[in-house]
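The values are calculated or read from the model by the stated rules, or taken from the named source; none is laboratory data. Everything numeric here is computed off the predicted structure, so don't read it as measured data. We place every Cβ from the backbone using ideal geometry, glycine too, and count neighbours over all the protein chains shown.
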Amino acid sequence: MKKPELLSPAGNYEALQGAINAGADAVYLGGELYGARAYADNFTQDEILSGLHMAHLFGRKIYLTVNTLVKEKELDGLYDFLLPFYEAGLDGVIVQDLGVLRYIRNRFPALPIHASTQMTLTGRYGAQLMKDEGVSRIVPARELSLKEIRKIKQETDLEIEAFIHGAMCYCYSGQCLFSSILGGRSGNRGRCAQPCRLPYKTGDGEECYPLSMRDMRTIDILPELIDAGIDSFKIEGRMKKPAYAAGVTAIYRKYIDLYVKDRDNYRVDKKDLEVLNALYIRSETSNGYYMRRNGKEMISLSSPAYCATDEKLLSDIENRYLNGKMTIPAKAEIFLTAGEEAVLNLTAFLPEVEKAAPALQVFTAKEEAAAESAPESLRKAITVTIKGDVVQQAVKQPLTNDKIREQIQKSGNSFVRIETVDVKSDGPVFLPVKSLNGLRRRCVDALETAVIRENGFKKKNCCDNLPEKSWTHTDRIPASRLHLPQLHVSVQTSDQIEAALEASVSRIYLDYGLPAEPAFWAKISELTQSPTQKLAKAHPRPEIYASTSYIVRNDNLRYLEILAESFAEGRIDGVLVRNLESYGFLSGRVPAGKLVIDAGLYVWNREALLFWQDRAGEFYLPIEGTRQEWKELLRAVPEQTMKASAVVYGLLPMMVTAGCLKKTSGKCDKRPEMLTLTDRYKKQFPVYTDCRSCYNVIYNSVPLSLHGMFSAKASVDAFFRGNYRLDFTVESKEETYKIIKYFQELPGQYREPVYREYTTGHYKRGVE
């Protein structure tokens, strides 16, 4: 049975040391830049380098979170940020942004890349795409079942990292715009304001917390997770205190080892459950999505508050794991012969078995002595020898053996603990204390380096032919994107289709919310092609594109098959792609030029543009981008051949969630419909319940409207020469037609919108 890696969080150096002391095999942490936890303490460069040294000394790994979305202007700083950690032997980076993935793969080819859960990988097609791009490990969407995770593992042979403990997001990771749209604090940029933890009303129901997920606790089902072949068990919590990282790590360490050693006698002690429940966790817990699709049992309806943490428990954890540090036991031999160089041998003793497990997990003298008293047959000796200054014959005050031992045993900040010193000299000798101290320091440094090498880690040579970081900017807009803009619409109802046809738009996107049945496609054909139809005679057929669902899992792959078949048979002209799983499936089935990358796939920088260069014919600009950021992005890659497009009207999807408001309220009838979510300020947010794929989409209360892009002098803002799209959800046929005509008439005769309330989103304000 393979023992999974235990991966712990660290928001600061104290938490890192505590997690390692408690038995973590690896720790993930963030630097001062590029991490998705902007409000954590995070690590300075020196702290990360020191942490890498400590971790490797004890056979542990460090993964750096580079898991935020990166703006174009921020990209050039990434090379200098990563280089010192790469040279120090960083064990991996956790990445969300496809541009960052491409950037690191091309400039640091030896650095392992882990695909963050924020990529929302839900199946083997998206996972295989990441594998083809050089990713060695994926963190699937937290919403997947154990069965789905096992299938990805079997079909791709990628390393799988999965969460086992901590806070849960209500939305599918990476799809949340709730905090961003309402308050300008982007969860994709590490600044989530957690609107999911606020009270709401569903329909006419009572106010409660329908979006507040219970915290995850999987200690009861740990055997099932181990048997599923998951490679790394991840504890959430970089924002939490060091005592949380240490205490939770220690308990999961205990039970992973227990099951691997004696699977038939796996039992969870009630006291350990009490400790887990008391360590900065909400009063109600669940085992996440591993055994269920969704449900009321996963939601903290009454309160999202944390349990009180017992001060005695915190004190015990601090004393055991935070107020000390692990050390490597060693013995020294020093040879002092007058007229010859001083020679110092240091020998460290490492466990031969399970060297990645904590050898010195406890800190009381009694326990520490017991841990280190293993027979030498089970411990590996590593010896280094360093020569020092020439030893002098003592004239007045020879060095005593006690004085020699005192100087050699000084540890300073070292992790080497010299327990015994064997002094061998040929008589009264003298060596300055400064020389002794220098000899000890160099020998200890050499021993730590040897131990790190023995543990399988090594530093990278900065001269290992790393590609250059440079990039030449341009003010030229690619000729491929200098085309007349076209008006496209996305629709969810047959009435909206008819309105779009009557208004003569150039392209219609059929939303996934429309029925994927032969009868529906027949209706589309009737409306757009039949010569007997007055509508079809009056208006030429527009391009018909179908949209993938926001989330694709094994049980709705059939819809992607329908799309591929519909394209092959000429019923549709292309596909709007909303996730990596859909792209992975459709690639090769639909030509690249007929695939459109939606805004939810986050093209924020030139590298992301280049990632999609040969994979799609068009992409949508990021919803959270400003006018200036769009401009910088479009001018960065003159050879980019894709058309750039922008959503300029519509209720924006703020959350796509595996949770279901109907099921949470106990009213699941498996019928898709629009519900209403009402906040404390009486704002009403439409919620579409997609019962075929069992997910909800929560929309903003007012539509986005970028009518300000349009002027009397140009068809659109001068820098933008792409297509623009209107997204319709709850609008009637009459409203749809009126809004389309309004946007069609804007160029050349600007006027105020035909709707009363709207937001300009991030077009001017942006996000941090």
Query raised in the report: For the stretch 102-117, does any single residue satisfy the condition of being in contact with a Leu (Cβ under 7 Å, 6 or more places away or on another chain), under 27 Å from L177 (Cβ atoms), free of Cβ contacts under 8 Å to residues at least 60 places away in the same chain and small (G, A, S)?
Result: yes
Query raised in the report: Here is a list of conditions, (1) under 14 Å from the mean Cα position of the chain (by Cα); (2) on the phi < 0 side of the Ramachandran plot; (3) not acidic (D, E), and T120 meets all of them except one; can you say which number that is?
Result: (2)
Report task. Residues being part of a loop (DSSP other than H, G, I, E, B), surrounded by fewer than 19 Cβ atoms within 10 Å (Cβ to Cβ) and either touching a His at 6+ places or on another chain (Cβ under 9 Å) or not hydroxyl-bearing (S, T, Y) (or both): count how many of those fall in the stretch 231-287. Result -> 6
Report task. For residues that are in a loop (DSSP other than H, G, I, E, B) and in contact with a Phe, Trp or Tyr (Cβ under 7 Å, 6 or more places away or on another chain), scanning just the stretch 309-324, find the one that is surrounded by the most Cβ atoms within 10 Å (Cβ to Cβ). Result -> T309
Query raised in the report: Hey, any hits in the stretch 648-663 for a residue that's of a type in the set (D, E, K, R) and within 25 Å of I597 (Cβ to Cβ)?
Result: no
**Report entry** Residue list for the stretch 163-201, restricted to those being small (G, A, S), over 19 Å from K240 (Cβ atoms) and surrounded by fewer than 19 Cβ atoms within 10 Å (Cβ to Cβ)
**Finding:** G183, G184
Report task. Identify, from the list A228, A141, A115, A127, the residue that is farther than 24 Å from L64 by Cβ and either surrounded by fewer than 21 Cβ atoms within 10 Å (Cβ to Cβ) or at pLDDT 95 or above (or both). Result -> A228
Report summary line: Turns out the helices (runs of 4 or more DSSP H) fully within the stretch 557-627 with at least 2 residues that are closer than 25 Å to C694 by Cβ, at pLDDT below 95 and in the same structural domain as A546 (by TED's automatic domain parsing) are 557-568
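A quick yes/no check of all residues on (1) touching a Phe, Trp or Tyr at 6+ places or on another chain (Cβ under 7 Å); (2) closer than 16 Å to G99 by Cα; (3) acidic (D, E):
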{"site": "Q613", "(1), (2), (3)": "no, yes, no"}
{"site": "L621", "(1), (2), (3)": "yes, yes, no"}
{"site": "A646", "(1), (2), (3)": "yes, no, no"}
{"site": "L651", "(1), (2), (3)": "yes, no, no"}
{"site": "V656", "(1), (2), (3)": "yes, no, no"}
Query raised in the report: So which of Y321, Y280, Y259, Y306 ends up being aromatic (F, W, Y) and under 30 Å from K667 (Cα atoms)?
Result: Y306
Query raised in the report: If we scan the stretch 7-26, do we find a residue that is closer than 30 Å to L609 by Cβ, in contact with a helix residue (DSSP H, G or I) (Cβ under 9 Å, 6 or more places away or on another chain) and in the same structural domain as M119 (by TED's automatic domain parsing)?
Result: no
Query - Given (1) closer than 30 Å to G295 by Cβ; (2) modelled with pLDDT under 95, index of the condition Y699 fails - result: (2)
**Report entry** Out of Y86, Y103, Y34, Y79, sole residue that is farther than 17 Å from F415 by Cβ, surrounded by fewer than 20 Cβ atoms within 10 Å (Cβ to Cβ) and either of a type outside the set (A, V, I, L, M) or modelled with pLDDT under 95 (or both)
**Finding:** Y79
Query raised in the report: Is there any pair with a first residue in the stretch 744-764 that is among the hydrophobic types (A, V, I, L, M, F, W, C) and a second that is surrounded by 13 or more Cβ atoms within 10 Å (Cβ to Cβ) whose Cβ atoms are under 7 Å apart and which are 6 or more apart or on different chains, and what are they?
Result: L746/H707; L746/F710; V754/K738; V754/I739; V754/Y742
Report task. Determine whether G134 is touching a residue at least 40 places away in the same chain (Cβ under 8 Å) and either under 17 Å from the mean Cα position of the chain (by Cα) or assigned by TED's automatic domain parsing to the domain that holds L98 (or both). Result -> no
Query raised in the report: So, in the stretch 161-219, of the ones that are of a type in the set (G, A, S) and in a helix (DSSP H, G or I), which residue ends up farthest from the chain's Cα centre (by Cα)?
Result: G183
Report task. Looking for whichever is part of a loop (DSSP other than H, G, I, E, B) and not aromatic (F, W, Y) here; the options are G18, G59. Which one fits? Result -> G59
Query raised in the report: Across the stretch 413-433, which residue is farthest from L336 (Cα to Cα) among those that are of a type in the set (S, T, N, Q) and touching a residue at least 24 places away in the same chain (Cβ under 8 Å)?
Result: S414
